[in-house]
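The structure appears right after this line, and notes come after that.
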Amino acid sequence: MSAETASGPTQDQVEILEYNFNKVNKHPDPTTLCLIAAEAGLSEEETQKWFKQRLAQWRKSEGLPSECRSVTD
């Protein structure tokens, strides 16, 4: 793990992740996740973990259960 990611992503990395989360896809497929990770300079594992945590945060803010896969669940 690099020094920047030891305490979490940098502000620039968070901006890239947030843009992709809000404008591109809240559920990126493995290929898209790999591209986002490369763009942000993070590992795929770090990027996947960030998306999982951010999705749970978003669901909570929307009043949805944090673990359901869709609005119809």
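FYI, it's all coordinate maths here, none of it is from the lab. Values in this document were obtained by computation on a predicted structure and should not be read as measured data. As a convention, Cβ positions derive from the backbone with ideal geometry for all residues, glycine included, and neighbour counts pool all protein chains shown.
Compared with the alpha-carbon gap, the fully stretched path from Asn22 to Ser61 is longer by 12.7 nm at 0.36 nm per residue.
Descending by average beta-carbon neighbour count within 10 Å, the peptides 14-21, 29-36 line up as 14-21, 29-36, the highest first.
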